[in-house]
Amino acid sequence: MSTTQYERVKQLRADRIAPQQLYIDGKWRDGRAEVLPVSSPIDGARLTTLAAAGRSDVNDAVHAARTCYESGSWSRSAPAARRQVLLRWAELIESHALELAVLGVRENGTELSMALRAEPLSAAATLRYYAEAIDKVYGEIAPSPANVLGLVHRLPVGVVGAIVPWNFPLMIAAWKLAPALAAGNCVVLKPSEKASLTLLRVASLAAEAGLPAGALNVVTGSGGECGAALAEHDDVDVIAFTGSGGVGRSLLAASARSNLKRVYLELGGKSPNIVFDDAPDLDAAVAGVVNGMFRNSGQVCIAGTRLLLQRSIAARFMEKLIAATERLVVGDPLAAGTQIGAVCGEDQLAKLMRSVRAAESEGAKLVTGGARILADTGGYYMQPTIFTDVTPTMALAREEVFGPVLASMVFDDEAEAVRLANSTALGLAAGVWTSDLSTAHRMVKSVRAGLIHVNCYGGSDLTVPLGGVKQSGNGHDKSLHALDKFTELRSAWMQL
Ligand code: NAD
């Protein structure tokens, strides 16, 4: 980022943030439950308050979405007309990119350089991708007998409830909003109580872009009340969720208790990053492991949190890795030069500290990090942390920590690498570093994860789907496959 941009950041970080309201049926209004405080992980200071939606607010939002859907003003508009609105929305997001990024960072602590790219700019790219795709997706004519015309239409499902987490809220919400709206659905969006501000702001930009009232509604508030009310609602057709496995389970149960709505889950990971001794460039692999693990303080669903090193290079690799990790600059996420920002709140930091203590008591060896830093700022910062001597049965090797804590293990051959890689219940992403094309192809097929990187980690674009296997979820964000979640097939069998 340029010096001029950082000058603008200084102004933006000082902006007062008004108390936030709900966005329902194109209007802003207070919620019927108590407001929630919003504090900044940068320094612990109070930023503003958030309206908390109660059940009746959620009912109103679902009703607004349903009414808009049935009116056809969005759902039956020409795909090319929807494309125009989504493209205008993308343009507006892009022209407000720095403002949106700083707002988001003040709320969740992600380092600005990453937030700018991964949040507004990525959301604009996602809107453009589905805007451009939607008038190019055709139905089918079935190969039915000559006296029959068999048609397969792809129709919107109706009302979509999108529930998203606090890490990368804008990027992840866009992965759901863009395909859902492009396909003609109407949406009720429930952001995390820890990261709602940017999503409320982009809702106002959606209205400016011409999205009709009711097509997008935003209900903020607690997961247990507002989120649960959406999940249990009988008039919601699909829940598209990104978040933790525990909440994912509760959404499936809510669907079973209510109208059997479709539930798509993008959940956590414990992703292995596997370095073979023939990795093409060990220094590049070290950089890839550091980036794939510690950006956004490790609060990245696909973070490569389990490092599997082939024994012959393990000691040399670890030495380089510790040095690179200790060079990372952790601090104020809005300051120039910061590489790693804050963790998202006091409770998150406390949870991370408990994970470190638990790993030590299980016998893992702490080789760097492990402590809170910069406590005098009032913010929540943690040293990038590495454990070696981790065994597959330790909690550190099996459970998602969702912070800057890397668990390292050693393997002797490919079979052992695969066994270790697949030894958790999760399967979101993985990395493989090797010069051998055959090893790479075999690993892509044998490591059970939704996204496998080869000789890199992270950075895939919209052209490939992202989704978990095993307990990392079902369904996919990104790519044309995401449209499957937000459309249903309607067959016609027409006797001629
Ligand atoms: P979380 O599950 O605590 O919360 C996610 C959302 O669910 C929030 O909006 C929350 O308010 C809501 N919620 C909470 N309880 C609810 C309930 N009972 N009913 C309905 N909604 C409820 O997750 P988080 O802490 O916000 O996010 C971190 C998690 O998200 C990590 O596990 C991470 O791996 C996962 N994640 C996954 C992906 C992916 O693409 N697979 C991407 C980012 C984050």
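Some points to look at:
- Residues in region 269-294 that are of a type in the set (Gly, Ala, Ser), touching a Ser or Thr at 6+ places or on another chain (Cβ under 8 Å) and open to solvent by less than 10 Å² (accessible area, probe 1.4 Å): GLY269, SER271.
- Test for LEU437: is it surrounded by fewer than 17 Cβ atoms within 10 Å (Cβ to Cβ) and either touching a Ser or Thr at 6+ places or on another chain (Cβ under 8 Å) or free of Cβ contacts under 8 Å to residues at least 24 places away in the same chain (or both): yes
- In region 92-111, the residue that is nearest to ARG295 (Cα to Cα) out of those that are without any contact (Cβ under 8 Å) to a residue 40 or more places away in the chain and not hydrophobic (A, V, I, L, M, F, W, C) is GLU94.
- Hits in region 335-347 - residues which are surrounded by fewer than 22 Cβ atoms within 10 Å (Cβ to Cβ) and either assigned to a loop (DSSP other than H, G, I, E, B) or at pLDDT below 95 (or both): ALA335, ALA336, GLY337, THR338, GLN339, GLY345
- Unmet requirement for PRO333, which otherwise passes all of (1) more than 25 Å from the chain's Cα centre (by Cα); (2) within 30 Å of ASN108 (Cβ to Cβ): (1)
- Options ALA118, ALA125, ALA131; residue that is within 16 Å of the ligand (Cβ to nearest atom) and either in the same structural domain as GLU488 (by TED's automatic domain parsing) or buried (at least 24 other Cβ atoms within 10 Å of the Cβ) (or both): ALA118
- Among residues of region 38-91, those that are open to solvent by 50 Å² or more (accessible area, probe 1.4 Å) and of a type in the set (Phe, Trp, Tyr), counted: 0
- One residue from LEU374, LEU309 being more than 23 Å from TRP166 (Cβ to Cβ), modelled with pLDDT of 95 or more and more than 26 Å from the chain's Cα centre (by Cα): LEU309
- Residues of region 418-462 that turn out to be part of a loop (DSSP other than H, G, I, E, B) and of a type in the set (Ser, Thr, Tyr), as a count: 6
- Selection count, region 398-450, where residues are within 16 Å of the ligand (Cβ to nearest atom), among the aromatic types (Phe, Trp, Tyr) and farther than 29 Å from ALA350 by Cα: 0
- Those residues of region 142-159 which are β-branched (Val, Ile, Thr) and farther than 25 Å from LEU181 by Cα, in sequence order: VAL148
- Selection count, region 383-396, where residues are within 16 Å of the ligand (Cβ to nearest atom) and open to solvent by less than 20 Å² (accessible area, probe 1.4 Å): 1
- From GLY210, GLY269, GLY243, residue being in contact (Cβ under 8 Å) with a residue 60 or more places away in the chain, within 7 Å of the ligand (Cβ to nearest atom) and within 21 Å of LEU177 (Cβ to Cβ): GLY243
- Helices (runs of 4 or more DSSP H) (entirely within region 150-255) containing at least 1 residues that are closer than 25 Å to GLU91 by Cα and open to solvent by 10 Å² or more (accessible area, probe 1.4 Å): 169-182, 197-209
The values are calculated or read from the model by the stated rules, or taken from the named source; none is laboratory data. Nothing here was measured: the structure is a model prediction, and the numbers come from that model. In this analysis, Cβ positions are derived from the backbone assuming ideal geometry, glycine residues included, and neighbour counts consider all displayed protein chains. Accessible surface areas use protein heavy atoms only, side chains included; no ligands, DNA or RNA. Shrake-Rupley method; radii C 1.70, N 1.55, O 1.52, S 1.80 Å.
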